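Heads up: the structure comes next, in structure tokens.
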Amino acid sequence: MLFRHSPEMMTQHNEHMRGGQGTVTVKHLLKPDEMLGKGRLFAELTIPPGASVGLHRHEGDVEAYYILQGKGRYQNDDESFDVTAGDLTLVDNLHCHGIENTGEEPLKLIGLILFTAPEK
């Protein structure tokens, strides 16, 4: 069994995350070694107004974003979409994605990265 209070979770402040703007806060809900070899990220991301996670490519994994709060613009390869609380995005293996906060409050989301190859 695992139980962890919020202050015990590792939090990182990533400047220009994946080439994006501003500083994104990443609160790791599970550590990679707690994901049973199936993934490498299960975290809450907080993106301040005007900040972003830059466009980046996934190789050997997929990533889902579940939007908890705020408004943003999500890019998947050459397409982009407005996102808001309750929306879900998923980038496939060998594709690119990024997200920008276009609102006036923090954009909060859950990020989940799962491996596509069994050897990971």
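The values are calculated or read from the model by the stated rules, or taken from the named source; none is laboratory data. For clarity, every value in this text was computed on a predicted model and none was experimentally measured. When we count neighbours, we look across all protein chains shown, and the Cβ atoms used for this are built from the backbone with ideal geometry, even at glycine. Surface areas here come from the heavy atoms of the whole protein model, side chains and all, with no ligands, DNA or RNA. Shrake-Rupley method; radii C 1.70, N 1.55, O 1.52, S 1.80 Å.
Some values worked out for this structure:
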item	result
Residue, most open to solvent (accessible area, probe 1.4 Å), within the stretch 103-120, restricted to residues that are touching a Ser or Thr at 6+ places or on another chain (Cβ under 8 Å) and either under 17 Å from ARG18 (Cα atoms) or among the basic types (Lys, Arg) (or both)	LYS108
Check on GLY72, open to solvent by less than 20 Å² (accessible area, probe 1.4 Å), at positive phi and modelled with pLDDT of 95 or more	no
Hits in the stretch 17-30 (condition: open to solvent by 100 Å² or more (accessible area, probe 1.4 Å) and either in a loop (DSSP other than H, G, I, E, B) or of a type in the set (S, T, N, Q) (or both))	GLN21
Output for the stretch 81-102, where each listed residue is surrounded by fewer than 16 Cβ atoms within 10 Å (Cβ to Cβ) and among the small types (Gly, Ala, Ser)	ALA85, GLY86
Close pairs (6 angstrom Cβ cut-off, 6 or more residues apart or separate chains): at positive phi in the stretch 96-120, among the hydroxyl-bearing types (Ser, Thr, Tyr) and modelled with pLDDT under 95 anywhere	none
All positions within the stretch 54-68 that are free of Cβ contacts under 8 Å to residues at least 60 places away in the same chain and exposed (fewer than 14 other Cβ atoms within 10 Å of the Cβ)	ARG57, GLU59
